[in-house]
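Below: one structure, written as structure tokens.
Nothing in this text is a laboratory measurement; each read-out follows from the coordinates by a stated rule. Bear in mind the structure is a predicted one, so any value in this text is a computation, not a measurement. Backbone-built Cβ (ideal geometry, glycine too); neighbour counts: all protein chains shown.
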Amino acid sequence: MKDKEGYLKKIQEEIGIEFKDESILKRALTHKSYANERRNLNLKDNERLEFLGDSVQDLVVSEYMFLKYPDHPEGDLAKIRSVVVSAPVLAQKAREISLGDYLLLGKGEEMTGGRKRDSILADAFEALVGSIYLDRGLEVVEKFILSLLVPDIKNVEIGEHIQDYKTLLQEIIQRDSNSRPEYKVVKEEGPDHNKEFTIEVDFDGDILGRGKGSSKKEAQQRAAKDAISKI
């Protein structure tokens, strides 16, 4: 087990927030794999804090955009938020504060690179948000969230955010379904050194979007982006 004084103190210094109750912070850093391997210690994992943090995060980001962009319709605000709070973005925010270094992981997750995995980092970031909210209140957690996410909100709003649209589309679809979208090449034009691919993204027989690119990967991203714009 990590030295309590060491790692808990260091992450508080990293994020610039001092906890009143460090046990809440420790829970935010405890992955279920770690708790499951130590059931005799009756440890609580971070999943409930993740649930709370997700809602707090949505509230803070929504309020910021509501006040910052008074002329944007609800649909535009929702699309911006969906990108900003997506797993790839939150995982990047987690990396910016070195969150992965402080996580308590089981041996299996540790050995398979869980400390660097987007899904684990994004979930841990939300759990951290939830723990800050519980321990220090809305004002402190609002400053924390906006200090990290405002640049992304602004970039998405002006269309300059680099986003993995395939991952985002899959996240949106899997909120209501366990199925995955399929990407199909429907047209391939040009000589070998200057190809252009046209790809459609299909979900349960419905064409959600279409994109073109000089590579299949580029065309897939554009098809996913087109699909997201229509959802």
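Charge tally around K32: other residues with Cβ under 15 Å, Lys/Arg +1 each, Asp/Glu -1 each, net +1.
Applying 0.36 nm per residue to the separation of D101 and N36 and subtracting their alpha-carbon distance, the gain on full extension is 21.4 nm.
Projected label points at Q12 and K68, each 7 Å from Cα along the beta carbon direction, are separated by 3.0 nanometres.
Candidates L43, F125, Y64 compared by Cα position along the dipole of region 4-157: farthest toward the positive end lies L43, with charges placed on Cβ.
Using a Gaussian network model of the chain with C-alpha springs under 10 Å, which one of L41, L49, L29 is most mobile by mean-square fluctuation? Of L41, L49, L29, the most mobile in the Gaussian network model is L41. Put the Cα centre of region 28-47 next to the Cα centre of region 80-110 and the gap is 18 Å.
Fewest-first ordering of V56, V201 by other beta carbons within 10 Å of each residue's beta carbon gives V56, V201. Between P181, P73, P88, the Gaussian network model of the chain with springs among Cα atoms under 10 angstrom shows the greatest mean-square fluctuation at P73. Each of H193, H72, H31 was scored by other Cβ atoms within 10 Å of its Cβ. Listed from fewest to most, they are H193, H72, H31. Using only alpha-carbon positions in region 96-168, the gyration tensor eigenvalues give semi-axes of 24, 20, 9 Å once each is multiplied by 5 and square-rooted (largest first). Other residues whose C-beta falls under 13 angstrom from the C-beta of L208 contribute a net charge of +1, scoring Lys and Arg +1 and Asp and Glu -1. First check a/c for the chain, with a ≥ b ≥ c the square roots of the eigenvalues of its C-alpha gyration tensor; if it is under 1.5, answer rounded, and if not, answer prolate when a/b is larger than b/c or oblate otherwise. Since a/c reaches 1.5 and a/b is larger than b/c, the shape of the chain is classed as prolate. Running a GNM on the chain with Cα contacts under 10 Å, which residue among I145, I120, I158 ends up with the highest mean-square fluctuation? It is I158. When every alpha-carbon pair in region 32-163 is counted, what percent end up more than 18 Å apart? Value for region 32-163: 56 percent of Cα pairs lie more than 18 Å apart. In this structure the amide hydrogen of T30, modeled in the peptide plane, comes within under 5 Å of the amide hydrogens of N46, L104, none closer than 5 places in sequence on its chain.
What helices does the chain have that are whole DSSP H segments, at least 20 Å long along their own axis by Cα, and with mean Kyte-Doolittle hydropathy of 0.0 or more? Within the chain the helices that satisfy the rule are 47-68, 118-136, 138-157. Given +1 at the Cβ of Lys and Arg, -1 at the Cβ of Asp and Glu and no other charges, the dipole of region 22-164 around its Cα centre is 640 debye to the nearest 20.
Anything over 21 Å Cα to Cα? Flag those among K184/K230; K154/K217; K79/K217; K195/K217, in the order listed.
K154/K217; K79/K217
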